[in-house]
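A.B. asks: Dropping a structure here in structure tokens format, bear with me for questions.
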Amino acid sequence: MKIRLENLNNSKKTTMLCGFVLEDSDKVLGLKKIEPKIIPSIRQSINDIGGIFGKIAVIPTTGKTAQRILLAGLGKKENITNDTIRFVSGKIAQKARELKLKEFSIIIPSSSLIEPVLSITQIVEGCKMSLYKFEKYKSKKENNTPDLTILVSKSEKIAKAIKIAEIVSDGAIYTKSIANLPPNECTPTTLANFARIVSKKNNMKCNIISKNDLKKKGFGGITAVGQGSKNEPKLIILEHSHGPRNEKPIVLVGKAVTFDTGGISLKPGDKMDEMKFDKCGGCTVIGIMKAVSELKLPINLVGIIPSVENMPSGESYRPGDIIKLYNGKTAEILNTDAEGRLILADALSYGEKQYSPKAIIDFATLTGACIIALGTNIAGMISNNDKLTQKIIESSKRTTEEIWQLPLNDDYMDMVKSDVADMKNVGIGRAAGTITAAAFLRNAIENTPWIHIDIAGVAWTQVATKEKPYNPKGATGFGVRLILDYFVSVGFIDIRISKTMFIHHVI
Ligand code: BES
Ligand code: MN
Ligand code: ZN
């Protein structure tokens, strides 16, 4: 999808002119001068939808401006959220595709309703992400993607906002597209190859650590979980170094279990296919690295992705095993299905030791318990640092990638202590499963500011997931927009706030 900018008053004729309308209003937001010939069509469309949220009317028209008018309802003004325009723009883009249009134009709403940089970001994200479809394995593809013209008073700031939103959306779409791949086609080796390709295109350093070296270097968690599969484990490391030379990086860690059968503690068969999505955390980190490197953000950022396949076999690790993790601590395995925390612990310790980062953020489809606690629209978050948490919550509100903080204290830390080793890989029964998993991870780092985001409920669309045009069936790419908003909002690119402020002032 190509996106262009044009001034509303001297735009070329469009196949479909789209605008937003509030409930109980007779105005198209942002539309000032109207060509008389299209007024009746506009009136008709306004009547048809009454500004009801998500409703759309398309009316053919004659005139120099447009072949059709599309009006889309935003609902009541007081009910507008940071997701409204993204959601409705997605519906518009899908309508344009359904009509097999080559191009459509959207008028951005008046700045009195919403700040143009925000509405532009939401329009671009909504349109681009809603037109993504996982059809790699379909013989017949629905390949018409209309181009978009955004009608707005042009400025450098607006052009920059569009560029950022395009790259960020592409990052999320890339995450979706690799996360959706089936487990026979996407093994740890395949993921490592994707990371390598992304790194080459965008000048990042890429280091892949393979099985023998993982063993030699003491990555006991990754090697134990990976030993049951003939698809060997990989530790993928991407480095984007565009910040000041001596500035400590931020480290992102993502769980990438390309398929989670549970291992010897085998999962029941129902919905086991969905465990191809157990690599989503890692795919999110690759998508973020891709976007950050394309934006050339002036930061030092490291992405670490431990990738394994968790399979039952004669070589698998077993309940009762005691393994030694990268930081030297021992873990008693009580359930081979609690594998994510083992590979993440290795990656977190490695990240902290190797890079002494300013902050570590990890993404993982870590616990079914997170779905029980928060459902499938809100991710769980656990942290040891309130300032960082606050910033991420702000980004969550802007992006509508929703998160909710859960507590972590010594009582939970006690729940993962083992009688025979330093830790055990399960808590006590099913109590606070998401938090005890995080408690295990907390043991892997010393005192670096850290945020753990459990995306078990939100990484792909499940039965209880709220339907959104920009999250069609399958992987959602959760986390890419969230983290990019965080980087942009703390001032790495000064479009959202005017002052340039670097991250070490924030954490
Ligand atoms: N990948 C799963 C968690 C999961 C399950 C995510 C369902 C999304 C949907 C994870 O590896 C796992 O199996 N966790 C266990 C931990 C338990 C054995 C302590 C779980 O949640 O049941
Ligand atoms: Mn598991
Ligand atoms: Zn898992």
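A.B. asks: Take the residues in region 34-73 that are under 17 Å from Ile92 (Cβ atoms) and basic (Lys, Arg); name whichever of them is surrounded by the most Cβ atoms within 10 Å (Cβ to Cβ).
C.D. replies: Among those residues, the one meeting the criterion is Arg68.
A.B. asks: Determine, yes or no, whether Asp337 is open to solvent by less than 10 Å² (accessible area, probe 1.4 Å), closer than 24 Å to Asn425 by Cα and over 21 Å from the mean Cα position of the chain (by Cα).
C.D. replies: Working: open to solvent by less than 10 Å² (accessible area, probe 1.4 Å): no; closer than 24 Å to Asn425 by Cα: yes; over 21 Å from the mean Cα position of the chain (by Cα): yes.
Taking the combined requirement at face value, the residue does not satisfy it.
A.B. asks: Which pairs do you get when a residue that is among the charged types (D, E, K, R), found in region 98-110, comes within reach of a residue that is assigned to a loop (DSSP other than H, G, I, E, B), reach meaning Cβ atoms under 7 angstrom, with the pair 6+ apart or on two chains?
C.D. replies: These pairs meet every condition: Lys100/Asn144; Lys102/Thr15; Lys102/Pro146; Glu103/Thr15; Glu103/Pro146.
A.B. asks: Let me ask something additional. Quick check on my filter: what residues within region 19-44 are over 23 Å from Ile120 (Cα atoms) and part of a helix (DSSP H, G or I)?
C.D. replies: Within region 19-44, Pro36, Lys37, Ile38, Ile39, Pro40, Ser41, Arg43, Gln44 qualify.
A.B. asks: Quick one: Arg196 ticks every box in (1) open to solvent by 70 Å² or more (accessible area, probe 1.4 Å); (2) under 29 Å from Lys424 (Cα atoms) except a single one, so which number is it?
C.D. replies: Of everything listed in (1) open to solvent by 70 Å² or more (accessible area, probe 1.4 Å); (2) under 29 Å from Lys424 (Cα atoms), Arg196 misses just condition (2).
A.B. asks: So, one more: Only strands (runs of 3 or more DSSP E) wholly contained in region 323-392 count here; list those with 3 or more residues that are away from ligand 1 (no atom under 16 Å from the Cβ).
C.D. replies: Numbers: elements: 330-332, 359-364, 379-383.
Once the strands (runs of 3 or more DSSP E) in region 323-392 are filtered for at least 3 residues that are away from ligand 1 (no atom under 16 Å from the Cβ), what remains is 359-364.
A.B. asks: Name the residue that is most open to solvent (accessible area, probe 1.4 Å), counting only residues in region 397-418 that are assigned to a loop (DSSP other than H, G, I, E, B) and free of Cβ contacts under 8 Å to residues at least 12 places away in the same chain. Steps first, please.
C.D. replies: Kept after step one, since they are assigned to a loop (DSSP other than H, G, I, E, B), are these residues of region 397-418: 400-402, 406-409, 415-418.
With free of Cβ contacts under 8 Å to residues at least 12 places away in the same chain added as a condition, the list becomes 409, 417.
Working: Asn409: 71, Lys417: 121 Å².
Here the residue is Lys417.
A.B. asks: Only one of Ser177, Ser169 is surrounded by fewer than 22 Cβ atoms within 10 Å (Cβ to Cβ) and assigned to a helix (DSSP H, G or I). Can you tell me which? Give the steps one after another, and end with the answer.
C.D. replies: Numbers: Ser169 fails: surrounded by fewer than 22 Cβ atoms within 10 Å (Cβ to Cβ).
So the residue among Ser177, Ser169 that is surrounded by fewer than 22 Cβ atoms within 10 Å (Cβ to Cβ) and assigned to a helix (DSSP H, G or I) is Ser177.
A.B. asks: Quick one: would you say Lys154 is closer than 18 Å to Leu5 by Cβ and part of a helix (DSSP H, G or I)? Even if it seems obvious, please write down each step before you answer.
C.D. replies: Working: closer than 18 Å to Leu5 by Cβ: yes; part of a helix (DSSP H, G or I): no.
Taking the combined requirement at face value, the residue does not satisfy it.
A.B. asks: Here's another thing I want to ask about it. Search region 260-275 for residues that are free of Cβ contacts under 8 Å to residues at least 12 places away in the same chain and pair each with any residue that is assigned to a loop (DSSP other than H, G, I, E, B) when their beta-carbon atoms are under 8 Å apart and the residues are at least 6 apart or on different chains.
C.D. replies: Met272/Thr261
A.B. asks: Looking at Ile372, Ile382, can you tell me which residue is closer than 26 Å to Ile286 by Cβ and assigned by TED's automatic domain parsing to the domain that holds Gly474?
C.D. replies: Being closer than 26 Å to Ile286 by Cβ and assigned by TED's automatic domain parsing to the domain that holds Gly474 holds for just one of Ile372, Ile382, which is Ile382.
A.B. asks: So Leu344 passes all but one of these: (1) of a type outside the set (Gly, Ala, Ser); (2) away from ligand 2 (no atom under 16 Å from the Cβ); (3) surrounded by 20 or more Cβ atoms within 10 Å (Cβ to Cβ). Which condition number does it fail?
C.D. replies: (2)
A.B. asks: Which of the residues spanning region 1-26 are basic (Lys, Arg) and modelled with pLDDT of 95 or more?
C.D. replies: Of everything in region 1-26, those that are basic (Lys, Arg) and modelled with pLDDT of 95 or more turn out to be Lys2, Arg4.
A.B. asks: Taking the stated definitions as given, is Lys234 out of contact with any strand residue (DSSP E or B) (no Cβ under 7 Å at 6 or more places or on another chain), under 19 Å from Thr187 (Cβ atoms) and either more than 13 Å from ligand 2 (Cβ to nearest atom) or open to solvent by 40 Å² or more (accessible area, probe 1.4 Å) (or both)?
C.D. replies: Values: out of contact with any strand residue (DSSP E or B) (no Cβ under 7 Å at 6 or more places or on another chain): no; under 19 Å from Thr187 (Cβ atoms): yes; either more than 13 Å from ligand 2 (Cβ to nearest atom) or open to solvent by 40 Å² or more (accessible area, probe 1.4 Å) (or both): yes.
No: the conditions fail for Lys234.
A.B. asks: Considering region 340-375 alone, what residues qualify as being within 16 Å of ligand 3 (Cβ to nearest atom), among the β-branched types (Val, Ile, Thr) and under 20 Å from the mean Cα position of the chain (by Cα)?
C.D. replies: Result: Thr365, Thr367, Ile371.
A.B. asks: Right, next: Going by what's in this entry, would Leu101 be described as under 14 Å from Cys127 (Cβ atoms), surrounded by fewer than 21 Cβ atoms within 10 Å (Cβ to Cβ) and either more than 28 Å from the chain's Cα centre (by Cα) or small (Gly, Ala, Ser) (or both)? Walk me through it before giving the result.
C.D. replies: Working: under 14 Å from Cys127 (Cβ atoms): yes; surrounded by fewer than 21 Cβ atoms within 10 Å (Cβ to Cβ): yes; either more than 28 Å from the chain's Cα centre (by Cα) or small (Gly, Ala, Ser) (or both): yes.
Answer is yes for this residue.
A.B. asks: Kindly state which strands (runs of 3 or more DSSP E) lie completely within region 211-272 and contain at least 1 residues that are in contact with an Asp or Glu (Cβ under 6 Å, 6 or more places away or on another chain), within 16 Å of ligand 1 (Cβ to nearest atom) and acidic (Asp, Glu).
C.D. replies: Output list reads 256-260.
A.B. asks: Of the residues Glu247, Glu274, Glu309, which single one is within 15 Å of ligand 2 (Cβ to nearest atom), open to solvent by 10 Å² or more (accessible area, probe 1.4 Å) and more than 16 Å from Thr190 (Cβ to Cβ)? Walk me through how you get there before you give the answer.
C.D. replies: On the way: Glu247 fails: within 15 Å of ligand 2 (Cβ to nearest atom); Glu309 fails: more than 16 Å from Thr190 (Cβ to Cβ).
It is Glu274.
The values are calculated or read from the model by the stated rules, or taken from the named source; none is laboratory data. Bear in mind the structure is a predicted one, so any value in this text is a computation, not a measurement. Methodologically, a virtual Cβ is constructed for each residue, glycine included, from the backbone with ideal geometry; neighbour enumeration extends over all protein chains shown. The area values use the complete protein model at the heavy-atom level, side chains included, leaving out ligands, DNA and RNA. Shrake-Rupley method; radii C 1.70, N 1.55, O 1.52, S 1.80 Å.
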